[in-house]
Amino acid sequence: MSITVSGPPGETTEVDVVVIGAGQAGLSSAYFVRRFGLGFVVLDAETGPGGAWRHRSPTLTMEKIHGIFDLPGVRRTPEIDPGRRAAEAVPEYFAAYERETGLPVLRPVKVRSVRDAGDGRLLVTSDDAARVWTARAVVNATGTWRRPYWPYYPGGSQFRGRQLHYAAYRGPEEFAGLRVVVVGGGASATHVLSEVAGLAARTLWVTRRPPVFHDGDFDEEARREAVARVDARVRAGLPPQSVVGATGLGYTTVVRQAMDKGALDRLPMFDRITPYGVAWDDGRETDVDVIVWATGFRSAIDHLAPLKLRGPLGGITMDGTRVVADPRIHLVGYGPSASTVGANRAGRAAAQEIRRLLAAHQAA
């Protein structure tokens, strides 16, 4: 059952594990942490179940997404209607899962910081200064939605049109009759193009690298190879690459819709932004009214900064879900586990490692 934060001012709660985030990664991790007999709590910044899915565009239906993987321990029945809005259907599924499993989710709790408490435990504080937790381990499952990435291009501050990130996209109607450039080579960009093309006066698609399309199903071997490439980066201490970015674009519903509208004639990335459009160093220039930055997200882990986990290469060196610099910290939904099926597997792996870590400390 989901419960609300309450308790006397200044209360500090001691648990074995704090799970931060109640999306797919957080709920999966919490399920296995409890299954292994550890005391825990889940802290979630949202006002209700669903994680980042609560904020997705109302035009994004279930048939347009890559799909969601069943959360552990409970079979998802009935199947979700493909025509349902993902922003409604997925939160409903997560809410039902929380009710059925009785996982202790506290919300809304925005974690402010995780720091060393000095006694082998971790101190977890929130925006509500009266609520503090200490834990022997932390599973961070905060995802990326709260950190949209906006790349810098010269002239951006002088642009007289509108700029928005995909996180703020709410459907094509507001772009009717406008000249729109969509930046980015992933599923978010093709989603926008599939809907805006034909309604806008003109659409342009620009990417830094030529997009790679793959025929047929993206099979298990190909998925493993993509995940392995991302895993190699985080093991080396590099910032993680998106798993989706490593897989290329399949011929999904949105890709086919965009192709049917002639919207996937890709141009190389522009070099600068002018007051009325975008320009390339070869002399090309075009007027646009709107720039949509479908340029992805970065991991929302600023609250872990006091632990100084980042290495000299800009990333956090990982071994599976475990942070090499501090084995009390596990990142789930980060790097190679940033997918629904990956989050489930990583949640189990994190719980197993934490159980071993705490058992070793008890035996010492």
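GLU88 - would you say it is acidic (Asp, Glu) and free of Cβ contacts under 8 Å to residues at least 12 places away in the same chain?
Yes; evaluated as a whole, the condition is true for this residue.
Give region 138-166 a look and list any residue that's out of contact with any helix residue (DSSP H, G or I) (no Cβ under 6 Å at 6 or more places or on another chain) and over 20 Å from HIS55 (Cβ atoms), or say none.
Hits for region 138-166 are VAL138, PRO151, TYR152, TYR153, PRO154, GLY155, GLY156, SER157, GLN158, PHE159, ARG160, GLY161.
What strands (runs of 3 or more DSSP E), lying completely within region 254-351, carry at least 1 residues that are assigned by TED's automatic domain parsing to the domain that holds ARG35 and surrounded by fewer than 16 Cβ atoms within 10 Å (Cβ to Cβ)?
Values: elements: 266-268, 272-274, 277-279, 285-287, 290-293, 326-331.
In region 254-351, 326-331 are the strands (runs of 3 or more DSSP E) which contain 1 or more residues that are assigned by TED's automatic domain parsing to the domain that holds ARG35 and surrounded by fewer than 16 Cβ atoms within 10 Å (Cβ to Cβ).
Which condition from (1) in the same structural domain as ASP326 (by TED's automatic domain parsing); (2) of a type outside the set (Phe, Trp, Tyr); (3) surrounded by fewer than 20 Cβ atoms within 10 Å (Cβ to Cβ) is the one that VAL90 breaks?
(3)
Kindly provide the set of residues from region 128-158 that are crowded, with 19+ Cβ neighbours inside 10 Å and either at negative phi or of a type in the set (D, E, K, R) (or both), ordered by number. Quick ask: steps written out before the conclusion?
Initially, region 128-158 is screened for residues crowded, with 19+ Cβ neighbours inside 10 Å, giving 131, 133, 135-144.
Matches in region 128-158: ARG131, TRP133, ALA135, ARG136, ALA137, VAL138, VAL139, ASN140, ALA141, THR142, THR144.
Mind telling me which of the residues PRO240, PRO210 ends up being at pLDDT below 95, assigned to a loop (DSSP other than H, G, I, E, B) and either surrounded by 16 or more Cβ atoms within 10 Å (Cβ to Cβ) or in contact with a helix residue (DSSP H, G or I) (Cβ under 8 Å, 6 or more places away or on another chain) (or both)?
Testing whether each residue is at pLDDT below 95, assigned to a loop (DSSP other than H, G, I, E, B) and either surrounded by 16 or more Cβ atoms within 10 Å (Cβ to Cβ) or in contact with a helix residue (DSSP H, G or I) (Cβ under 8 Å, 6 or more places away or on another chain) (or both) leaves just PRO240.
Step by step: first the residues of region 64-116, then only those that are of a type in the set (Asp, Glu) and under 19 Å from the mean Cα position of the chain (by Cα), then the one that is farthest from LEU27 (Cα to Cα). Which residue is that? Spell out how you get there, then give the answer.
Pass one, region 64-116, residues of a type in the set (Asp, Glu): 70, 79, 81, 88, 92, 98, 100, 116.
So of that shortlist, the ones also under 19 Å from the mean Cα position of the chain (by Cα) come out as 70, 88, 92.
Working: ASP70: 11, GLU88: 18, GLU92: 14 Å.
It comes out as GLU88.
For region 143-158, give me each residue that is without any contact (Cβ under 8 Å) to a residue 12 or more places away in the chain and either part of a loop (DSSP other than H, G, I, E, B) or basic (Lys, Arg) (or both).
TYR152
The values are calculated or read from the model by the stated rules, or taken from the named source; none is laboratory data. Source: prediction; values computed, not measured. Methodologically, a virtual Cβ is constructed for each residue, glycine included, from the backbone with ideal geometry; neighbour enumeration extends over all protein chains shown.
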